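Q: Mind having a look at this structure? Questions to follow.
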Amino acid sequence: MTRARRVRCRCGRTVLRQLVGHRAALDVTADAEELTAGAAAELRGPNRLDWCLRTTKGGPDLRWADCNRRDGGCPHPHVIDHQCAAAAAPVPRPRTSRTSSVPEGQLTLD
């Protein structure tokens, strides 16, 4: 079973990465900042999940945050999916002018 590892994102922030699940695992990248279960639930959205963070002998372990359904809340810290600031600003591609409708390097039939 894989555990979360701390890595640096291209935006410079420290994040947790882990394959979560047994069969159809999700490649999760979450902010390393620990939140309460309630604070993480407030940040959760359709494309942004929160994860229960457990500390085991093998290191940090991200688990599906179904613990929010329990009465009294979850005693473990939670983390939220990372939204990379570097991904928000796409790199512009240089414009080139072509006179042909065929991509450069492709053969044409005459």
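Q: With the structure loaded, tell me whether residue 62 is of a type outside the set (S, T, N, Q), open to solvent by 40 Å² or more (accessible area, probe 1.4 Å) and under 15 Å from the mean Cα position of the chain (by Cα) or whether it fails that test.
A: No, not satisfied.
Q: Here is a follow-up. Name the strands (runs of 3 or more DSSP E) wholly inside the stretch 1-66 in which the number of residues that are modelled with pLDDT of 90 or more and basic (Lys, Arg) is 2 or more.
A: Result: 5-8.
Q: Kindly indicate which of 41, 37 is in contact with a Cys (Cβ under 9 Å, 6 or more places away or on another chain) and within 14 Å of residue 81 (Cα to Cα).
A: Going through 41, 37 in turn, the sole match is 37.
Q: Another question about this same structure. Quickly run through the stretch 32-46 and pick out the residues that are in contact (Cβ under 8 Å) with a residue 24 or more places away in the chain and not basic (Lys, Arg).
A: Hits for the stretch 32-46 are 32, 33, 34, 35, 36, 37, 38, 39, 40, 41, 43.
Q: Please go through the stretch 1-39 and pick out each residue that is loosely packed, with under 11 Cβ neighbours inside 10 Å and under 11 Å from the mean Cα position of the chain (by Cα).
A: Within the stretch 1-39, 27 is the sole residue that qualifies.
Q: Looking at the stretch 1-14, I want the residues that are of a type in the set (Ser, Thr, Tyr) and have a partner that is open to solvent by less than 40 Å² (accessible area, probe 1.4 Å) and part of a loop (DSSP other than H, G, I, E, B) with Cβ atoms under 9 Å, at least 6 apart or on another chain. Which pairs are those?
A: 14/32
The values are calculated or read from the model by the stated rules, or taken from the named source; none is laboratory data. Note that the structure is a prediction, hence the values are computed from the model and not measured. FYI the Cβ positions are ideal-geometry reconstructions off the backbone, even for glycines, and counts take in every protein chain you see. Just so you know, the surface numbers come from the protein's heavy atoms only, side chains and all, with ligands and any DNA or RNA stripped out. Shrake-Rupley method; radii C 1.70, N 1.55, O 1.52, S 1.80 Å.
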